[in-house]
Amino acid sequence: MLHVTLLLILFPFFVGWWHPTEKPSEYEFKDPALPLDVRINDLISRLTLEQKASMMLYNSPAIDNLGIPAYNWWNECLHGVARAGKATVFPQAIGLAATFDDSLIYRVAAVISSEARAKFNVAAAKNNRAQYAGLSFWAPNINIFRDPRWGRGQETYGEDPFLTSRLGVAFVRGLQGEDPKYLKAAACAKHFAVHSGPENIRHKFNALPEERDFRETYLLAFKSLVDAKVEAVMCAYNRLYDLPCCGSPYLLYDILRKEWSFKGHIVSDCWAPDDFFKTHKVVKTEVEAAAMAANAGVNLNCGYTYKVLPDAVKQGLVTENTIDSILRPLLRTRFRLGLFDPDSLNPYSAIDPAIVDCDKHRQLAYEAAAKSIVLLKNNGILPLRGDTLKKIYVTGPTATDVFALVGNYNGWSGNMVTFLEGITQRVDAGTIVDYLQGCRLYAKKDHYYGFWEARMADVTIAFMGLTRMLEGEEGEAIMTRTGGDRPDIALPENQVEFIRQMRDKIKDKPLIVVLTGGSAVAIPEILQLADAVLMAWYPGEEGGTALADVLFGDVNPSGRLPVTFYRSVKDLPPFDDYRMQGRTYRYFIGKPEFEFGFGLSYTTFDYKNANTDRTEVTGNDFINLNVILSNSGKYDGEEVIQVYGKKIDPVFFRPVKTLIGFQRVNIRKGEIKEVVIPLDISKLSYWDVEAQQYAVEPGKYEVQIGASSADIRLRTEINIR
């Protein structure tokens, strides 16, 4: 009897010690009714040091004794769920930026996360835990596109911190969802910080921006996304002020955690800690690199360096308490994604996989593409009249190339509409559409053909420009030897020569040039030779349909340039100089080919009576700007009203002007609208180096209202006390 009593007393302790015999329901971390911190602490208490380290790798293995399945953190969704099979393909990020429409970007991101959840639900049901099957997405890229030579600039929202902030915040909110408990998906702001080329030295260069550029340009969008509760931040490959970004306590703790109160997790760019000892040479061994990243606060290692964290603990380079503290935010994300809870509790677990690339989502992709296309030149040839055209000749290396639709970090769809297909679908059965490629995308010596067909046509539409073969991330643009960057921002010379010969052969017949690409292109000669020029970016799966509808006037072009188009690379400072002086519309004092915010329309918009509801304000105020907008042209259209601020007689060095507001307005021909645009006066602040804080310089400011950064239609003044 004594033995039975003793066994009954000790049995609970044996059960608590012998984890493999426990049922999942007996773990506190599995109990959705408990507070999140209690669940996280319980889970950490049950993990060995080796298991903790394994859970901090991007391809976290299963923890079998606790019933935790494997999870791969690496997923991408820059403009649609990427690299994971079927998905709706939206315009590349730079094209989305050209819409100047944060409400659209929110809707796009909400669709992306719905498709992500649908795909995850199906993958998890068949135990597919592979890379690109998870719910943690390393997007958006909110680096400032400071120089058009950067091949990855296509992934960004352009050169302006305010535009980048607005669109980035909208993307994060759409992706992460509105549920108070569960994340629909986890967004990630990257690459923190001061990271925008050159690609071929990204693993070893040391960015040394002036402090005011660092604070007033490079950090602003990251701060905005942290304020919007982005779940993750990815630290960059490069060094900043001599320390690797993924090993910098100043960047990751002093600014991100302490100053900004960031609560999410930090992920290294892939294999970035390896650079600590391989290229940056700031430590000598992998163990030292792991300890440096951990002590700086990196929670998740994209790579394998953290596999040696137990060795770093044994060598006294990092404590297990530190490991526990940096594991907590990472586990919090997994809990908030619902990965430890029954599907019945998660509102996103029942999303029907039939929504993936459904008609409704393709329509949104079409809307985004149509709004992104920028009309750069039009001598009156556009819009085309389908009722009078008998033959259209389509030519050029990007007319049928799906790479010209998708850019990089893309998904794939079974409904990709190339430009040739879009035009062919758009015209009536009595209109002839002919096509020959005409020239190659890039060739030092090319063979040109198809001029006879062009001479026989009523109009020639030539699709030129760039694809991911010529610009992109390190190693991916396989037709370049510059890591994906473009040392020369002009079109490839063989393409220019093709257009020269085309103009010579067809004489005065109409010639329309459509450019693809993800960055500014210098096209001075093309502008002289062509009757109309459009920038289509990488417009996604519905790019061909949207472009055809713009050409024929079913859609009035309304895209605006999110980057300055310079005349030549000679207008730019050295690529590896991270000072902002001489860069972007905010600091460039020359004459660009096309200014930031530029974009033509088929109609005419008139601006009148700009005034603010207050003219005496403080640096913390919010005010409303009122503008009367009218459409005096022949077509319905959408105008992007842009508002810029400029200090009058500044004491401190300030930008030439800076964007502080914008609003897209749909307005019918003959219609007059009063438009109210909210303005945050703090967006006029500068970084006070001595006080180490942002401040708004008192005095008079000019508020400029216009159709671009150069096309200013109205001005008013405010006085900041």
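Taking the Kirkwood radius as the inverse of the mean 1/r across Cα pairs, report the Rg/Rh of the range 191-313.
Radius of gyration over Kirkwood radius for the range 191-313 works out to 0.95.
Can you bin the range 467-550 into rounded, prolate or oblate? Criterion: square roots of the alpha carbon gyration tensor eigenvalues sorted a ≥ b ≥ c, rounded for a/c under 1.5, prolate for a/b above b/c, oblate for the rest.
Oblate, since a/c reaches 1.5 and b/c is not below a/b.
Quick one: if the Förster radius is 22 Å, what FRET efficiency do LYS390 and ARG455 give, using the C-beta to C-beta distance and rounding to 0.05?
E between LYS390 and ARG455, to the nearest 0.05, is 0.95.
Round to a whole angstrom and tell me the spacing of the C-alpha centers of the range 92-113 and the range 196-217.
27 Å
Please report, as a whole percent, how much of the solvent-accessible surface of the chain comes from carbon and sulfur atoms (probe radius 1.4 Å).
Answer for the chain is 53 percent, counting heavy atoms of protein chains only.
Per residue of the chain, what 222 nm ellipticity follows from adding -39500 (n - 2.57) for every DSSP H run with n ≥ 4, rounded to the nearest 500? Write down the numbers at each step before the final one.
On the way: 19 runs with 191 residues, N = 721.
Value at 222 nm, helices only, nearest 500: -8000 deg cm²/dmol.
Of all alpha-carbon pairs in the range 39-195, indicate the percentage at a distance above 27 angstrom.
Within the range 39-195, distances greater than 27 Å cover 31 percent of Cα pairs.
How would you classify the range 331-378 from its alpha-carbon gyration tensor, with a ≥ b ≥ c the square roots of the eigenvalues: rounded for a/c under 1.5, else prolate if a/b is greater than b/c, otherwise oblate?
Oblate, since a/c reaches 1.5 and b/c is not below a/b.
Specify, per residue and in Å³, the volume enclosed by the convex hull of the alpha carbon atoms belonging to the range 121-175.
Numbers: hull volume 4.6 nm³, N = 55.
Per-residue hull volume (Cα only) is 83 Å³.
Using θ = phi - 60° and the Karplus relation 6.51 cos²θ - 1.76 cosθ + 1.60, list the HN-Hα couplings for the range 417-434 in order, rounded to whole Hz, with x at every Gly or Pro.
10, 6, 5, 4, 5, x, 5, 4, 5, 6, 7, 6, 5, x, 9, 7, 10, 10
From the backbone phi of the range 231-245, what are the Karplus-calculated ³J(HN,Hα) couplings (6.51 cos²θ - 1.76 cosθ + 1.60, θ = phi - 60°) in whole Hz, Gly and Pro given as x?
Each residue of the range 231-245 in turn: 6, 9, 10, 9, 7, 8, 6, 6, 8, 10, 6, 5, 10, x, 4 Hz.
Counting only residues 5 or more places away or on other chains, whose amide H sits under 5 Å from the amide H of ILE660 once H atoms are built in the peptide plane?
Amide H neighbours of ILE660: VAL643, TYR644, GLY645.
Roughly speaking, what is the stretch gain from ASP254 to ILE628, that is 0.36 nm per residue apart minus the C-alpha to C-alpha distance, in nm to one decimal?
Working: separation 374, 0.36 × 374 = 134.64 nm, distance 4.56 nm.
Extra length available between ASP254 and ILE628 comes to 130.1 nm.
Output wanted: per-residue J couplings in Hz (rounded whole) for the range 73-86, from phi through Karplus 6.51 cos²θ - 1.76 cosθ + 1.60, θ = phi - 60°, x for Gly and Pro.
Per-residue couplings from phi come out as 6, 7, 8, 9, 7, 4, 8, x, 4, 10, 6, 9, x, 4 Hz.
Taking the Cα centre of the chain as the origin, how large is its charge dipole in debye, to the nearest 20, when only Lys and Arg (+1) and Asp and Glu (-1) carry charge on their Cβ atoms?
Result for the chain is approximately 440 debye, rounded to the nearest 20.
Suppose the chain between GLN425 and ALA33 were pulled fully straight at 0.36 nm per residue; how much longer would it get relative to their current alpha carbon spacing?
135.6 nm
Apply the a/c threshold of 1.5 to the C-alpha gyration tensor of the range 597-721 and tell me whether it is rounded, prolate or oblate.
Values: a/c = 2.81, a/b = 2.16, b/c = 1.30.
Cα axes put the range 597-721 in the prolate bin.
Using Cα positions and a limit of under 18 Å, work out the lysines in reach of LYS119, with same-chain residues fewer than 8 apart set aside.
Of all the lysines, those that pass the test against LYS119 - Cα under 18 Å, at least 8 places apart if same chain - are LYS86, LYS184, LYS360.
Just to confirm my numbers, what's the Cα centroid distance between the range 576-646 and the range 115-159 in Å?
Each part reduced to its Cα centre gives a spacing of 31 Å.
Set the bar at 24 Å for Cα to Cα. Now go through LYS281/LYS570; LYS591/LYS657; LYS204/LYS445; LYS190/LYS258; LYS190/LYS229 and name every pair that lies beyond it.
Checking Cα-Cα distances, LYS281/LYS570; LYS204/LYS445 exceed 24 Å.
Measuring from a point 7 Å past the Cα of SER45 along Cα-to-C-beta, which residues in the range 298-341 have an amide N at less than 19 Å?
Within reach of a label on SER45, which here means backbone N under 19 Å from a point 7 Å along Cα→Cβ, the range 298-341 contributes 320-329, 331-332, 335.
Add +1 for every Lys or Arg and -1 for every Asp or Glu among the other residues with Cβ under 13 Å from the Cβ of ALA110, and state the total.
Values: positive: ARG107, ARG117, ARG173, LYS184, LYS360; negative: ASP102, GLU115, GLU178, ASP179.
Computed value for this residue: +1.
When Rg is the radius of gyration of the Cα atoms in the range 331-485 and Rh is its Kirkwood radius, what does Rg/Rh come to? Kindly include the intermediate steps, with their values, before the conclusion.
Details: Rg = 21.5 Å, Rh = 19.4 Å.
Looking at the range 331-485, the ratio lands at 1.11.
Stokes-Einstein diffusion coefficient for the range 398-513 at 25 °C in a medium of 0.890 mPa s, Rh from the Kirkwood formula over Cα pairs: what value in µm²/s?
156 µm²/s
Based on DSSP, what percent of beta bridges with both residues in the chain are antiparallel, to the nearest 5?
Just about 55 percent of them are antiparallel.
Would you mind pulling out the separation of the Cα centroids of the range 647-696 and the range 50-79, in Å?
A separation of 43 Å, based on Cα centres.
Averaged per residue, what accessible area in Å² does the chain show with a 1.4 Å probe, protein chains only?
That works out to 38 Å² for each residue.
Could you give the nm distance between label points at GLN693 and LYS284, where each point is 7 Å from its Cα heading toward the beta carbon?
4.5 nm
Hey, if you drop one equal point scatterer on each alpha-carbon of the range 29-90 and run the Debye formula without solvent, what base-10 log of I(q)/I(0) do you get at q = 0.18, 0.28, 0.30 Å⁻¹?
-0.77, -1.16, -1.25
How large is Rg over Rh for the range 546-653, taking Rg from the Cα atoms and Rh as the Kirkwood inverse mean of 1/r across Cα pairs?
Value, to two decimals: 1.05.
Taking 0.36 nm per residue of sequence separation and subtracting the Cα-Cα distance, how much length would be gained by fully extending the chain between ALA130 and ILE432, in nm to one decimal?
104.0 nm
I want to verify the translational diffusion coefficient of the chain in µm²/s; compute it with Stokes-Einstein, Rh as the Kirkwood radius over Cα pairs, at 4 °C and 1.567 mPa s.
48 µm²/s
From the alpha carbon gyration tensor of the range 160-243, can you work out the equivalent ellipsoid semi-axes (sqrt of 5 times each eigenvalue) and give them in Å, largest to smallest? Intermediate results must be reported in sequence, preceding the final value.
On the way: eigenvalues 143, 41, 20 Å².
Semi-axes, largest first: 27, 14, 10 Å.
How long are the three semi-axes of the equivalent ellipsoid for the range 612-676, computed from the Cα gyration tensor as the root of 5 times each eigenvalue, in whole Å, largest first?
30, 14, 9
The values are calculated or read from the model by the stated rules, or taken from the named source; none is laboratory data. Not measured: the values here are computed from a predicted model. Cβ sites come from the backbone with ideal geometry, for glycine too, and all protein chains shown count toward neighbours. Quick note on the areas: whole protein, heavy atoms, side chains included, nothing else; ligands and nucleic acids left out. Shrake-Rupley method; radii C 1.70, N 1.55, O 1.52, S 1.80 Å.
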